[in-house]
Structures are given as structure tokens and as C-alpha cells.
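First comes the structure, then the notes that go with it.
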């Protein structure tokens, strides 16, 4: 090995290393060293050269990477118009001293677009522009130091841009300009957003479907597309998202509950929904659908909703409006056609003729043609004429308003008019609470007054025992098998014809119709028959007469009335118009009367006792308000106070023109009553004394007509020269407590088992009521005596003109009364008060006595002449109760005396127990 060569190589290597690493101005010392082994020596020998010093000179140098040219760009990026692209460069100070390098971004020739550029220092080296990273136009670097610089380019139009980061040393030396990158700006995507509500008109409580579509209508593919629909504003006003309803054709669905944070999981409440797709090719679209529910709070609001589509820095939007409200609507028209066009002939009903005072009706249909339930009211006004309108519903009852109708529901409305004479145009309006209304009209051409003349009459006939047909008097009763022929008369009094006239006559259930004339038709089973005549048209002034022949059936019940009425209807008189009612009382059973008189012969002054036995032979029906009428023969005079009914006192009859009429009350079915009364034979009597009795009454079924009865007569022969006529003596033995000589049943005390002797040896004992009787005593003067040993009471001594004592003489004729008044042992009962009323020659004496438990009143009327139409009334004290007797007398009083006694209970002041009697009679 050549020693000098080896040394030279070592020195060169050291010098090169010193130039690359050493800062300018550095002195580099260099010394060579050799090592050899001398010949024959045993170890190596080192030899050093002299030391040489070298000073390092300043060098400026810069390097930018990556390199690139227009033909071979070092970096490339594809963007869309308007997008930014960032190219990353490294700038290195390759010199040996600190230096400041200017930086510039330039667009090279060959570019078809000129982008905007900006240089940013990438402080954190992440290759992205951050907020705290500044723009830069130069960098200062220590030797061998480096920095990352971002070249940001943005082009607004389609094309290619060659951008270059250039730098150099001061003065432009050592420039580095081969750092070209290419920015390729592709064709832009064009997004559009369409949004719809279906339906756009939404009813509260219903749903609408939201459809949002975005489509790339450009020529370039888009970056990620986010299609978003925020729902906060709608939700706040009552339009809410329907859970689980969101759908998309592509991409990923995401939801938000706060409008900021999005998640693929649907969490209530959903306040927004969106779909994300990585990119959208030209012509491709994204569709998002979901449903929203309109609550009641959303009613009558409009919801404008906007959806947005975003790709890169581009954003577009589309809006749609939902109108939340009901669409109320209503219609009314002729029945079955409520939706007939308003104010057209199809929406009008008419009738040529109607009758004033009679309802004429038109039928209508009302319909809710909207989409919401509403309340409606129907009213009637009159553009022409006047009437009273009544509204009816489907059930025939007055229409209940308001009408509540659901959507599509209908209601029947009948309007009936009671129109005034003339013409009528009525407007029917239906109005809803939600403001909708509709009308229809009814027209009547002529309204005339009056009614058709309807008259019903009948003729009843029966067959007598000889089989002959005989008429039954008007108002008389009919029996089973009798014939009743009804005549129905109708007349049209109007100037216009009555059309479609129908006459119906429901036959009484207890009549069987056997024949009808004029084409009438009988329908129904016996007991439920109806006669019907379809008369068609009845011309103005025209009359028709129709007849029905009927027979009283065995179903008829005594006491009922066969009531019959016929009806007429026509187009102009739709409501049945009734005729007058005729009634025929039914009585098939006999009313049997038996009359007996106490003597077949009588003379003047005799009393005749009549006994009436009246039997109601009906097995089903009682007779109520029975009236017994007796017409005495001339010369027979009713004896007051002698009437009895069933053995009990009966009020005196009403006497009219000598005819006696008793009110006997009720005669039960199948039972009898017995009435007795007396008459006296007066000098007016002649020949045979024929008494005729008639009984009438009402059936308990309520017939308002009298039931005819048979008659009964009793005959007594007048024999004024009758030899040794016989008479009867009757009387009462009593303690005369008020010493007036008269027997007052309520005051005086009867004496039982007292013995009365009649001259000639006959004797009788008084009964428990103190009464005695001697029958068949010859007419003439007789003496009677009271046995004093049979009574502890002494005879009453009164003034001689009364002729009362223990022994009495009396002229006996007919029925003669002889009483024996006895003196009370304790003295007489003094009257609380005595009152005398004198009117001319008529005198009324009243006495009031206090007795155990009440008061007894005696009234004695004395008159020298007959008093007709007399009324005697003795009023009771206020609050008193009549217990026995009577304090009122009406009728005729013959010359002589009339005595009344009655008892009443009263708790008032004794001094007020007496009232003043009232007396009147007819002159």
C-alpha cells in the first residue's frame, strides 16, 4: 500500500463532511496522520503531519417538495366548483445559514380555470387548515430547518388549474419553481328539494304524509348528501311526528330529539328526521317520507314546513304548506235529494192547493256534507205569504233542535204549515254552528179557508114481535140484532178540486158491517172492520153520499155507546179530517118494574101506599143515576116524608106539574131495588086511579143517553059511597121533653111496652120506638086511652085546643094519627133559644135544645093555605156537622103544619148555636 495515497483520501472525506454540515464561518482544522511499521521493527509507528485550517463559506439554498411539472404534477385533487382543495408542501432550508424565503402560489400556463389561492402554515402538521393557522407569504428557517405549508385552491368553475408553490433565496437566487400540483374541477351536481303534504288539507285528529325529495339534476356526482326536515315549529303548534313512520329509498335514516344531536335510533319525541347518502350520481334522487298527526290544537292553522338538502358547501331547500281545518258543509232539499242545487227547480217542492187551518206538510232531507260533526238548526221564513210552521222528525214528534249530524249523516225534516189564505212561498234554511248554511223552498199555489162539509147520520131499526121492521126513535137504545144504517155526506166547498180523496170509516167493534155502496171496500175481520172509499177527485161544490149497513152484534155490552166517526184525507188535506160523531146506546136486557098499591078501592081522604120493585136484568152492566118517575092520577096527592128505598128513608121526590121524580142512585147488574111512598085521595079524584111509573138511567159504561125502560101501572078504584069504610089508627107514646105536644125523634123519648086501649075492647102495646097501630077501624069517632099503669110518666097537660091528655077522642078516616105525649119527670128541657119567623099568615117556629153530644133543633111551619115551590133552609153554625134528620125542605106544603127535627154536633159557644132560618115559596 502507498502510504501517501492513503493519507490523501482520508483528508478529502473529512473536508466534504465539513462542508455539508458546518455553518458558514466555521474554521475546519485538518491534520494527517500516518502509521507504519519500520523494517525489522517489532511495532507500528504513528507519524502526524502539520495542521491545516479551512474557513466554511456561507451558502443559501432552499428545497420545496414534492416536485412536479405541468406534464407531471406532483399532487392532484378533484373537486367540484366552489370546493376548496388543500395541497401540502414541505419547505427546507438546505443552506448553511438562517434565511428568509418568500413564498408564492402561482397558476401555471395551461390552466383552463383560475382558482383563488392561499398559503397557510400547517402548524400542527395535520394537512388541514385549522382556525389558529395563519396565512403566510414568507418563511424564515434555520439552516437545515423545514416547515409544512398548505396551498389552498378554490375554483368556481369547471376545468383544470395548475398551481405551483414557488420560493427562492434573497434576490431570486437558488429558486425552486418545479412544484406543480393540478386542481381538477369537475362538473357540478345540482340539487333540488321538493316537499309535499298529502293531503295538504288535513282534518284535526287525522294524519298527513310528508314527502321530501332531493334530486341531482347536474352532470357531476355529488359529495355526501344530507336531506333534513326539522319539526320543532310544527310540533309546538299541534302537528306531531307519527312514531315509526319514516321511510327512505336510499341512505341512512337519523333522528333528533333536540334538533342538534342525531342518531340512527328513533327516540321520542322526534323533533327532526333526516337521511344521509354518501353521494348522489347525476339523475339520482333521495326520497324521505313520514307521517304527521294533526291534533285538535292544530285546527284552523297553516303549517309552512321547509326541508333542506346539503352537499359539501352547497345547501338548497324546499317548502310545503299543510292547512289543518275541517271543511264543514250542509245541504237540505226535497226528501231523498238534499244536495239538489240550491235555488233551482230541483230544490223546490210545490203543491197547487192547501186549506187554511189545516196543516199541509213537505218532507225534506238534511245532510252533513262536510267532514266534521256539527249542530244544525232549521228555520222557516216567508218571502211570500204567511204561515205557522211546525217541524217534525222521523219519529213523528216535534223536531228536536239542534240536529247533531256526523259527516255524511242525514236527518228527516217534515215542515207542516198552517197557512194563511192566499199563496205561500216558504224558505227553509239550515244553519250550522260552524257557519255553513243551505236553503230549500216550499211553495203552495193557493190557500183557501173553510173545511169540507162532513156530516154523519144514522137510522136505527128493529123487528117487533110480528117480524116487522120498525124505526127506533132518535136517541133510543138498540139491542143485539138491530140494524143501524149510517149515511156519510161530504162536500167540496172550495174553488179548486180536492184530489186523491179517500174516505175511511172504522166500524165500531160491536157492529158487523154487512153492506157498503158507491164502490166502498170492507176490510178486516168482524170486530175490526173498516170501510174505505177511494173517491179520486171531488170537484168544486161537488157532494157525495155514502152508506154503510151494520148489525148490532152479540159482542155488544149493555150500557155502552156505539160511537162512529168517518175521516177524509186528500192531497190537500193530508191529516185525517173527522166528521161529527154519532152515538147509539146499547141496552138489550129488560128493565123490569113491578108496582103494587095497598088497596084496590079507596075513598076520599084515604092514603094509598105504593110499592115499586125495579129489577135490572142486565148480567153485565149496572144502571147509574136511575130516575124513577111516577105520574099519579088526578086526585092523588103525594104525602111528604113517606118515601123509602130498601126500607130506609128516601128524599122526597121532585114534583113538576104533578109528576114525581126520585133519584134512586145505582141499580147493580142482576139486582133489584124497592121504593115505597104514599098518596092521599083528594076530592079531585074520579073513577079509576091509574098510576104510571117509568124508570130511566145511564149505563155504568158511561153512555150519555137515558136507557129506556118498560112501564108499570097500579090501579085503585075510587068508591066514595063505600059502606063502613075502614081506617087505621097509628100513633106514638113518648116523653115530650120540650112539652110542645109533638114527637121530635131526636129530642123526645119513646116509651116502649105502653098499653093503648081503643073503645070497643081492642088494645096494643107500643114497640121499642113507642109506636102502636090499630088496623081496620071503622070510619067515625073513636076514643083511645093510655093505660097509666104501663108507664111511669104522667100525661102531658097542654092548652085545651091541643086536645092532648091520657084519654083522647078522634074522628078516624083513612090513616089517622093519635099521639100520647107524657110529661118528663125532671121537668121540661128548656130551649137555648126560640125564634119565630112570620111572613103574612105563615109562621115558622124554631127551638134549639142542648142534648148529650150536641144540639137538637125543631122547626114547625104553620100555614093556612097551600105553599107551592117552598124552600125552607135552616143553616148550621159554622163548623157544625149534621148527624140526624134534615135541616132543608123543598116542595109543596099543604095547609096545616110541617115539622122538621134534626140533630147536629158542634163545639162552639152555646149562645152561637142558633142560626136564623130562611123561608121562601112561589106565589
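Miscellaneous remarks
- Tallying residues that are in contact with a helix residue (DSSP H, G or I) (Cβ under 8 Å, 6 or more places away or on another chain) and either surrounded by fewer than 17 Cβ atoms within 10 Å (Cβ to Cβ) or free of Cβ contacts under 8 Å to residues at least 40 places away in the same chain (or both) within segment 222-251 yields 1.
- Per-region count, segment 439-457, residues more than 19 Å from residue 384 (Cα to Cα) and either without any contact (Cβ under 8 Å) to a residue 40 or more places away in the chain or surrounded by 17 or more Cβ atoms within 10 Å (Cβ to Cβ) (or both): 3
- Qualifying positions in segment 558-589 - farther than 17 Å from residue 501 by Cα and either free of Cβ contacts under 8 Å to residues at least 12 places away in the same chain or loosely packed, with under 15 Cβ neighbours inside 10 Å (or both): 563, 580, 581
- Within segment 590-600, being assigned to a strand (DSSP E or B) and surrounded by fewer than 16 Cβ atoms within 10 Å (Cβ to Cβ) holds for 592, 594, 596.
Rundown of residues vs (1) surrounded by fewer than 16 Cβ atoms within 10 Å (Cβ to Cβ); (2) in a loop (DSSP other than H, G, I, E, B), yes/no style:
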position: 322; (1), (2): no, no
position: 327; (1), (2): yes, yes
position: 333; (1), (2): no, no
position: 349; (1), (2): no, no
position: 358; (1), (2): no, yes
position: 367; (1), (2): no, no
position: 377; (1), (2): yes, no
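- Reported count of residues in segment 847-863, each being surrounded by fewer than 21 Cβ atoms within 10 Å (Cβ to Cβ) and over 15 Å from residue 745 (Cα atoms), is 3.
- If you filter segment 751-761 down to residues that are surrounded by 14 or more Cβ atoms within 10 Å (Cβ to Cβ) and under 15 Å from residue 808 (Cβ atoms), you find that the one that is nearest to the chain's Cα centre (by Cα) is 754.
- Every residue from segment 739-750 that is surrounded by fewer than 21 Cβ atoms within 10 Å (Cβ to Cβ) and assigned to a loop (DSSP other than H, G, I, E, B): 739, 741, 742, 745, 746
- For segment 751-761, a tally of residues being part of a loop (DSSP other than H, G, I, E, B) and touching a helix residue (DSSP H, G or I) at 6+ places or on another chain (Cβ under 7 Å) returns 2.
- Search result, residues across segment 694-706 that are at pLDDT 75 or above and crowded, with 20+ Cβ neighbours inside 10 Å: 695
- Residue 215 buried (at least 17 other Cβ atoms within 10 Å of the Cβ) and under 30 Å from residue 299 (Cβ atoms): no
- Residue ID - farthest from residue 195 (Cα to Cα), chosen from residues in segment 259-300 that are in contact with a helix residue (DSSP H, G or I) (Cβ under 9 Å, 6 or more places away or on another chain) and surrounded by fewer than 16 Cβ atoms within 10 Å (Cβ to Cβ): 269
- Filtering segment 654-695 to residues that are assigned to a loop (DSSP other than H, G, I, E, B) and farther than 24 Å from residue 600 by Cβ leaves 657, 668, 669, 670, 671.
The values are calculated or read from the model by the stated rules, or taken from the named source; none is laboratory data. Keep in mind the model is a prediction, meaning the values are calculated, not measured. Every residue, glycine as well, gets a Cβ built from its backbone with ideal geometry; the counts of neighbours run over all protein chains shown.
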